[in-house]
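The values are calculated or read from the model by the stated rules, or taken from the named source; none is laboratory data. Being a predicted model, the structure only gives us computed values, none of them experimental. Here the Cβ is made from the backbone with ideal geometry for all residues, glycine too, and neighbour counts use every protein chain on show.
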2 protein chains.
Amino acid sequence: MDLVAGIDIGGTKTKLGLVDRDGRCMVQSFFRTKEYPDFDEFLDKIQESINALIAESGEVNLLGLGIGAPNASNARGTIEHAPNLAWKGIVPLLEPLKQRIDVPMKVTNDANAAALGEMLFGNAKGMKDFVVITLGTGLGSGIVSNGQMIYGHDGFAGELGHFAMLPEDGRLTGLDVRGGLEAYVSATGLKRTVLYMMSKYMEPSRFRSIAFDDLHGEEITEAAEAGDPIAVRAFEYTGKILGIALANFTTFSQPEAFFLVGGLANCGDWIFDPATRYMEENLLQVYKGKVKILPSGIAEKNAAVSGAAALIWSDLQA
Amino acid sequence: MDLVAGIDIGGTKTKLGLVDRDGRCMVQSFFRTKEYPDFDEFLDKIQESINALIAESGEVNLLGLGIGAPNASNARGTIEHAPNLAWKGIVPLLEPLKQRIDVPMKVTNDANAAALGEMLFGNAKGMKDFVVITLGTGLGSGIVSNGQMIYGHDGFAGELGHFAMLPEDGRLTGLDVRGGLEAYVSATGLKRTVLYMMSKYMEPSRFRSIAFDDLHGEEITEAAEAGDPIAVRAFEYTGKILGIALANFTTFSQPEAFFLVGGLANCGDWIFDPATRYMEENLLQVYKGKVKILPSGIAEKNAAVSGAAALIWSDLQA
C-alpha cells in the first residue's frame, strides 16, 4: 500500500503516522520529545518508530516523509532557534535523517503543514487563496496564495502571531513583540484577558478564586456557557482582536477564507461569532461579504500528522 | 517590431505607450482622463491614441495591451467603485475595449503593474519574493511571492495603504480606516505630519507661514535639507511608521526586498534611512539582516506605462 510518513515535532510530544492519499492516518504513535535531548538519539528514535509503524501496517510502499516542526526552514531542511525545543541554534534535520531513511523528505513549520493538510484533505479543498490560523499555546499561520504555500524568501513567512496589532500600548509576546497578536489570540492570551477583565470590571466570576497558573482554557468556555460575565467578556475581546486582525490581513492576500484550527477554535461560537462580526465590520468595502471564517475539516487528533504527510502527497498529486 | 501597448489610467491623466521586450517605452502620449466622463468616448479615445502611436512608430506587431488602473479587478476585467474616477459602480473595461482593439489584454491595479514592471525590467529582476510600495497621493502595494503576483481570491489583494497600523487612536484614511498606513505614509500623510509636528513642538519652521492647501511635498524635502526642524521631525516620524509597518508585513510573506516607488520615494535618504532603521529594529530575530528596502530600477517617467505592458510581456516570456 502506498503511504507517506507524517511527523509532527512538538515541544512536548513527537507524533508519527502513516497516511494514505486521502489523508487517512492508518497507524500512528508518539513519544516524548524531551526524553531525547541528544539530537542523534532523537533521530534514531524517529527511525525506530517509523520502522515499527511499517511493521505494524504490513505491506507498505513508503513514498516519502513529511515533517512539521517549529521554526523549520523548508529551504534549508533545518530547525532554527526554536524556543520550545531542547536543541539550540541551527539544527540540520533532513540531511542526517535522510541517511537513516532514504525516501523523499520535506520539512516546514507546523502551521504551514496544517494549511497543506487542509488544502489536500480538509475544508480548503479546491481553494487557491486561504490562510490557516493555528490556535494553541501561541498562534501560528500558514498562507496559501495562487494555490501555493507562501514560504517567503528564507522559509519563514507566515509568523502572524508576532504581527503587532497594538504597537503603542500592547502586551508583549514571548518574542517581545509589543501588541503582538498571539499575546491576545491564543490559549495564553485568553487567560491573560480573563485577568484583564477582572482588573477592569468588579463583576463576580468563578475565576476570582483561581490562580493564573491553575487556569485552563476549557474552563473559560464552560464558564461562558454558564453565563460567567468575565468569561463572556474575555471571549468577546479575544474575538474582537482576532476579527480586526483578519480584516487587516485581508488587505495583504485577500483570502477566500481563514481557517481557525486547534485549541481556541474548539471554543466554537464563542470565538467564531465575535471574530466574524468584527472582521466583517472592519473589512474594506471591496472585501465585505467575500471572506469566510471556517473550522478545520480534519479530525484534530490527526491534523498535525496528516498535514505533515501532505507536504509529500501534494508533490505526488501535482 | 514586436511591441506591447501599456496604458496607465489615472485620476488626472491617462498615459499610453508602446513598450519593447526590454521595457523600453518607444513612443508615448497622454490625455486628460476627466475630459471623457462618458466611458464609451473614453474607450474611443484610447483606441484613437493607440492607433496614433502605432502610426508614429512605423512597422509595429502589436502583441497585446496591458492596463494599470485604480480598483481594477484582474479576474473580471473591470474597474470597480474607483473613488478618483468619474465612472461610477462596476465598469466593464476589457470586454468593450477588445471589441475596438483585438489583441490579448489584461488589467490590474497600478501598484500590481508597478510590481510586474520591477520584476521584468527593474531592480526586482531574478527575485521571487518582494513587495512594491507606491507612494503617491495615497499608498499602493503589489506583492509577489514564489515569483507570482498575489491577486487574491477576487483580485483585490495588496491594499496595504488601508492596513490599520494604529487602530486605537489613529488618523482616518480616505476610506475611513482608523490608523490606516496611507494616512501617514504618502504625500498627504507627510503634509498631515508637518501639521502634527507644528502642533506638538513650538520650534520655528518655514511651514508656520504656509497653509496646508499650499504645501507641496518637494518643499518638505528642501526644508529638511536646509535643517528645518519640523521637516526633519516629519520625515523621521513618517519613516518610523513605514519601517514598523514593513517589519510587520515581513511576518506575512517574508519578502527579500521592499521597493519604494514614486512620490515620497524621491525624498531619498530622508525616507529610506529612518524606514530602514525602524524596520530593522522591529524585525523578528529570524528576519534580521535579511530584508532590504530598495529604490525602483525603472525611470519614473515610464514606470506606470512599462509596468502595464509587463502584464502582457510577463506572459510572453514565461
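Some points to look at:
- Hey, A:ILE9 in contact (Cβ under 8 Å) with a residue 60 or more places away in the chain and either among the small types (Gly, Ala, Ser) or closer than 30 Å to B:TYR287 by Cβ (or both) or not: yes
- Count of the stretch A:249-266 residues, restricted to those that are crowded, with 21+ Cβ neighbours inside 10 Å and either outside the structural domain of A:ALA231 (by TED's automatic domain parsing) or out of contact with any Leu (no Cβ under 8 Å at 6 or more places or on another chain) (or both), is 3.
- Every residue from the stretch A:142-177 that is closer than 22 Å to B:GLY179 by Cβ, in contact with a strand residue (DSSP E or B) (Cβ under 6 Å, 6 or more places away or on another chain) and not hydrophobic (A, V, I, L, M, F, W, C): A:GLY161, A:HIS162, A:PRO167, A:GLY170, A:THR173
- Test result for B:LYS45, at pLDDT 95 or above and in contact with a strand residue (DSSP E or B) (Cβ under 8 Å, 6 or more places away or on another chain): yes
- Inside the stretch A:40-80, residues that are within 14 Å of chain B (Cβ to nearest Cβ) and surrounded by fewer than 15 Cβ atoms within 10 Å (Cβ to Cβ) make up a count of 1.
- From A:ALA318, A:ALA304, residue being modelled with pLDDT under 95 and closer than 25 Å to A:GLY189 by Cβ: A:ALA304
- Count of residues meeting criterion [surrounded by fewer than 19 Cβ atoms within 10 Å (Cβ to Cβ) and over 21 Å from the mean Cα position of the chain (by Cα)] in the stretch B:217-235: 6
- Of everything listed in (1) at pLDDT 95 or above; (2) surrounded by 19 or more Cβ atoms within 10 Å (Cβ to Cβ); (3) farther than 22 Å from B:GLY122 by Cα, the single unmet condition for B:TYR36 is (2).
- Scan of the stretch B:127-156 for residues that are on the phi > 0 side of the Ramachandran plot and either basic (Lys, Arg) or without any contact (Cβ under 8 Å) to a residue 60 or more places away in the chain (or both), ordered by number: B:ASN146, B:GLY147, B:GLY152
- Of the residues making up the stretch A:84-139, those that are in a helix (DSSP H, G or I) and in contact with a Leu (Cβ under 7 Å, 6 or more places away or on another chain) number 5.
- Residues of the stretch A:281-305 that are within 25 Å of the chain's Cα centre (by Cα) and among the β-branched types (Val, Ile, Thr): A:VAL291, A:ILE293, A:ILE298, A:VAL305.
The rows are residues; the columns are (1) over 15 Å from the mean Cα position of the chain (by Cα); (2) surrounded by fewer than 20 Cβ atoms within 10 Å (Cβ to Cβ); (3) closer than 30 Å to B:GLN148 by Cα; (4) not small (Gly, Ala, Ser).
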{"site": "A:ASN146", "(1), (2), (3), (4)": "yes, yes, yes, yes"}
{"site": "A:HIS153", "(1), (2), (3), (4)": "yes, no, yes, yes"}
{"site": "A:GLU159", "(1), (2), (3), (4)": "no, no, yes, yes"}
{"site": "A:LEU175", "(1), (2), (3), (4)": "yes, yes, no, yes"}
{"site": "A:LEU181", "(1), (2), (3), (4)": "no, no, yes, yes"}
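- Where a residue in the stretch B:71-82 is under 12 Å from B:TYR151 (Cα atoms) and touching a residue at least 24 places away in the same chain (Cβ under 8 Å) and its partner, wherever it lies, is buried (at least 18 other Cβ atoms within 10 Å of the Cβ) and among the hydroxyl-bearing types (Ser, Thr, Tyr), with Cβ under 6 Å and at least six apart: B:ALA72/B:THR108; B:ASN74/B:THR108; B:ASN74/B:TYR151
- Where B:LEU283 falls short, out of the listed (1) closer than 28 Å to B:MET198 by Cα; (2) crowded, with 18+ Cβ neighbours inside 10 Å; (3) at pLDDT 90 or above: (1)
- Some residue of the stretch B:73-83 being part of a helix (DSSP H, G or I) and either touching a Lys or Arg at 6+ places or on another chain (Cβ under 6 Å) or among the basic types (Lys, Arg) (or both): no
- Restricting attention to the stretch A:127-155 and to residues that are of a type in the set (Ser, Thr, Tyr) and more than 8 Å from chain B (Cβ to nearest Cβ), the residue that is nearest to A:ALA304 (Cα to Cα) turns out to be A:THR134.
- Scanning the stretch A:149-166 for any residue that is touching a His at 6+ places or on another chain (Cβ under 8 Å) and assigned to a loop (DSSP other than H, G, I, E, B) turns up nothing.
- Tallying residues that are outside any helix (DSSP H, G or I), more than 22 Å from A:LYS106 (Cα to Cα) and either touching a Gly at 6+ places or on another chain (Cβ under 7 Å) or among the hydrophobic types (A, V, I, L, M, F, W, C) (or both) within the stretch A:262-318 yields 9.
- Failed criterion for B:MET202 (all others in (1) in a loop (DSSP other than H, G, I, E, B); (2) under 24 Å from the mean Cα position of the chain (by Cα); (3) more than 10 Å from chain A (Cβ to nearest Cβ) hold): (2)
- Residues (more than 8 Å from every other protein chain (Cβ to nearest Cβ) and touching a Pro at 6+ places or on another chain (Cβ under 9 Å)) located in the stretch A:156-179: A:GLY174, A:ARG178, A:GLY179
- Residue in the stretch B:161-173 that is surrounded by the most Cβ atoms within 10 Å (Cβ to Cβ), counting only those that are at pLDDT below 90 and not small (Gly, Ala, Ser): B:MET165
- Scanning the stretch A:234-264 for residues that are away from every other protein chain (no Cβ under 14 Å) and in contact with a Pro (Cβ under 6 Å, 6 or more places away or on another chain) returns A:GLU236, A:GLY239.
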